[in-house]
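A quick write-up on the structure given underneath.
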Amino acid sequence: MTERVVLHVDMNAFYASVEQHKNPSLRGRPIAVAGNPERRNGIILAKSREAKACGVKTAEALWQAKEKCPDIIFVPPDYQSYLRYSRFARQIYYQYSDQVEPFGLDESWIELTHTLHLHGGDAMLVAEEISERIKAELGLTVSVGVSFNKVFAKFGSDTDPGDGIMRITPRNFRSIVWPHPVDELIYVGRATKSKLNSSAVFTIGDLAYASDTLLQRRLGKMGGIIKMFANGQDISPVKVMDPAKADADYAIKSIGNGLTAPHDLVTEREAKALIYLLSESVAQRLRECRMRARTIAISVRGHDLLGYTRQAPLPAPSNITEELSRAAFALLRANEPLDRTHPVRALGVRACNLVSADLPVQEDLFGDVAARESLERLDATIDVLRRRFGNGCVKRMVELSDEAMAGLDIKRDNIIHPVGFFAPDAHSRSAS
């Protein structure tokens, strides 16, 4: 069998690098892309290499970054630009293979197994060419991992210090990968690392030799999966890309939005304003994708940063804003007291269990069919207006009841989070 050739390309300091490319006066200076401190999402989202050299870390508060780096420059996020640069990069990757799978905005796998012979037959030369093209055409640098599966290709790009290429083969992965801490392997997070360390599994090599019984007892099914990863036995395919979207050809699994509120939500009115804002964005996306949801889910995070999710079936598949909003708020009200003793810091709304909007819907025999049709026509009219004049041209009264949230455009200011490795859901988006 032909040995697989998989590249993983990671654009370095992506948000910050895009900002420096857009504004040459920022090049070579310590900058950080940061949220709005007045809206409580004032944390570091991304930092330049210069800021990183000063010790600035992602997710820390702005004041902490300022203490470490007094000359740091904060710039607001421009998600539309990040999306545009990401699409440009994927169009470059597509010229080498039709199997291009994104893992968030700044990372992609590229399968070269069946196309390498068209580009000279040398994977390292192709990786170098892609790196140089990204630098020349987009003004960004990338780290590239070259390997025989997706897991080790990503490990290679993650381990590279930046603007370099690392190759991991069936012959050398034990000497390169196994000495590293176990949490440097994809899907070994903080909790999994703690469980493994408590069982004397500290490195990826330890994991590769760990007892199946131990891993099953400590981690369940996931234990066996990450052991396979450690042994280089990942056979997961790289998805085929749809060049029209510059994205992988994924089935849509769910559509959702989440937001850290500008202030603690301590009343029903405040919570309802945010739930309706989120639900409206979700419903609008459902209609754009010609989908309906059979289940609505919410996620709630309190002031202590602990959270939970709840979900409930809808009476009938729906993409109607009012129906999704009511269902989401009913779920929240059933699970949260919504008072000052239980402040809510962040909320999320997700539409799940999706079906095509072209499928017929079994109406409730005793329901008001005319009222539903009226709501559908209203949503369609609002969608047309928003496409022409922007999402802020029409707002619901409930969304205006909280002044701090009235100016938010959740659908536009959309952060794209990494796509799940096992259950990719490229169309499930989250803004925070």
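The values are calculated or read from the model by the stated rules, or taken from the named source; none is laboratory data. From a predicted model like this one, the values you see are computed outputs, not experimental measurements. Every residue, glycine as well, gets a Cβ built from its backbone with ideal geometry; the counts of neighbours run over all protein chains shown. Quick note on the areas: whole protein, heavy atoms, side chains included, nothing else; ligands and nucleic acids left out. Shrake-Rupley method; radii C 1.70, N 1.55, O 1.52, S 1.80 Å.
State all residues of segment 211-224 that are small (Gly, Ala, Ser) and open to solvent by less than 10 Å² (accessible area, probe 1.4 Å); if no residue qualifies, say none. Talk me through it step by step, then tell me what you get.
The first filter runs over segment 211-224 and keeps only residues small (Gly, Ala, Ser), leaving 211, 220, 223-224.
Result: Gly223, single match.
Listed by first and then second residue, the pairs linking a residue in segment 217-235 that is on the phi > 0 side of the Ramachandran plot and modelled with pLDDT of 95 or more to a residue that is among the hydroxyl-bearing types (Ser, Thr, Tyr) and open to solvent by less than 80 Å² (accessible area, probe 1.4 Å), with Cβ atoms under 9 Å apart and 6 or more places separating them unless they lie on different chains, are Gly232/Ser147.
Yes/no matrix, rows are residues, columns are (1) surrounded by fewer than 16 Cβ atoms within 10 Å (Cβ to Cβ); (2) closer than 15 Å to Ala261 by Cβ; (3) free of Cβ contacts under 8 Å to residues at least 12 places away in the same chain; (4) out of contact with any strand residue (DSSP E or B) (no Cβ under 9 Å at 6 or more places or on another chain):
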residue: Thr321; (1), (2), (3), (4): no, no, no, yes
residue: Leu324; (1), (2), (3), (4): no, no, no, no
residue: Glu336; (1), (2), (3), (4): no, yes, no, no
residue: Pro343; (1), (2), (3), (4): no, yes, no, no
residue: Cys352; (1), (2), (3), (4): no, no, no, no
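Selection of segment 25-45 for residues being of a type outside the set (Lys, Arg), modelled with pLDDT of 90 or more and surrounded by 14 or more Cβ atoms within 10 Å (Cβ to Cβ) yields Leu26, Pro30, Ile31, Ala32, Val33.
Note on segment 260-271: among residues that are open to solvent by 10 Å² or more (accessible area, probe 1.4 Å), not acidic (Asp, Glu) and not in a loop (DSSP other than H, G, I, E, B), the one that is modelled with the lowest pLDDT is Pro262. Here is a check on your reading of the model: is Lys66 under 27 Å from Leu259 (Cβ atoms), open to solvent by 80 Å² or more (accessible area, probe 1.4 Å) and part of a helix (DSSP H, G or I)? Yes.
For the subset of segment 210-222 comprising residues that are more than 12 Å from Val182 (Cβ to Cβ) and either among the aliphatic types (A, V, I, L, M) or assigned to a helix (DSSP H, G or I) (or both), which member is nearest to the chain's Cα centre (by Cα)? Quick ask: steps written out before the conclusion?
Within segment 210-222, the first condition is being more than 12 Å from Val182 (Cβ to Cβ), and the residues that meet it are 211-214, 216-218, 220-222.
Going one step further and asking which of them are either among the aliphatic types (A, V, I, L, M) or assigned to a helix (DSSP H, G or I) (or both), we end up with 212-214, 216-218, 221-222.
Working: Asp212: 31, Thr213: 33, Leu214: 32, Gln216: 29, Arg217: 30, Arg218: 28, Lys221: 24, Met222: 21 Å.
Residue satisfying both the conditions and the ranking: Met222.
Residue-level check: of (1) in contact with a strand residue (DSSP E or B) (Cβ under 9 Å, 6 or more places away or on another chain); (2) open to solvent by 40 Å² or more (accessible area, probe 1.4 Å), Pro102 misses just (2). Residues in segment 241-259 that are in a loop (DSSP other than H, G, I, E, B) and within 15 Å of Ile296 (Cβ to Cβ) were compared, and the one that is modelled with the lowest pLDDT is Lys253.
Scoring Val201 on the criteria (1) assigned to a loop (DSSP other than H, G, I, E, B); (2) open to solvent by 40 Å² or more (accessible area, probe 1.4 Å) leaves a single failure, condition (2). Of the set (1) under 19 Å from Asp106 (Cβ atoms); (2) open to solvent by less than 40 Å² (accessible area, probe 1.4 Å), all apply to Lys135 but (2).
May I ask you to say which residue of Ala312, Ala283 is open to solvent by less than 10 Å² (accessible area, probe 1.4 Å) and either more than 30 Å from Tyr94 (Cβ to Cβ) or at pLDDT 90 or above (or both)? Show your work before the answer.
Working: Ala312 fails: open to solvent by less than 10 Å² (accessible area, probe 1.4 Å).
Step by step, each of Ala312, Ala283 is checked, and only Ala283 is open to solvent by less than 10 Å² (accessible area, probe 1.4 Å) and either more than 30 Å from Tyr94 (Cβ to Cβ) or at pLDDT 90 or above (or both).
Against the numbered list (1) out of contact with any Gly (no Cβ under 9 Å at 6 or more places or on another chain); (2) over 30 Å from Ala357 (Cβ atoms); (3) surrounded by 16 or more Cβ atoms within 10 Å (Cβ to Cβ), Leu274 comes up short only at (2).
Which count do you get for residues in segment 185-194 that are surrounded by 15 or more Cβ atoms within 10 Å (Cβ to Cβ) and either modelled with pLDDT of 95 or more or more than 20 Å from Val9 (Cα to Cα) (or both)? Steps first, please.
In the first step, residues of segment 185-194 are kept if they are surrounded by 15 or more Cβ atoms within 10 Å (Cβ to Cβ); the result is 185-186, 188, 192-193.
Add one more test, that the residue is either modelled with pLDDT of 95 or more or more than 20 Å from Val9 (Cα to Cα) (or both), and what stays is 185, 188, 192-193.
Total meeting the criteria: 4.
Candidates Thr203, Thr159, Thr169: the one that is in contact with a strand residue (DSSP E or B) (Cβ under 8 Å, 6 or more places away or on another chain) and under 22 Å from Phe14 (Cα atoms) is Thr159. In segment 148-183, how many are more than 28 Å from Ala200 (Cα to Cα) and either modelled with pLDDT of 95 or more or more than 26 Å from the chain's Cα centre (by Cα) (or both)? Matching residues across segment 148-183 total 4.
Does Ala89 fit the bill of being touching a residue at least 60 places away in the same chain (Cβ under 8 Å), under 26 Å from Ile44 (Cβ atoms) and crowded, with 23+ Cβ neighbours inside 10 Å? Considered against the rule, which asks whether it is touching a residue at least 60 places away in the same chain (Cβ under 8 Å), under 26 Å from Ile44 (Cβ atoms) and crowded, with 23+ Cβ neighbours inside 10 Å, Ala89 comes out as yes. Apart from one condition, Arg290 fits all of (1) open to solvent by less than 50 Å² (accessible area, probe 1.4 Å); (2) within 25 Å of Asp358 (Cβ to Cβ); the exception is (1). Here Lys154 clears all of (1) more than 23 Å from Arg49 (Cβ to Cβ); (2) touching a strand residue (DSSP E or B) at 6+ places or on another chain (Cβ under 7 Å); (3) of a type in the set (D, E, K, R) except the condition numbered (1).
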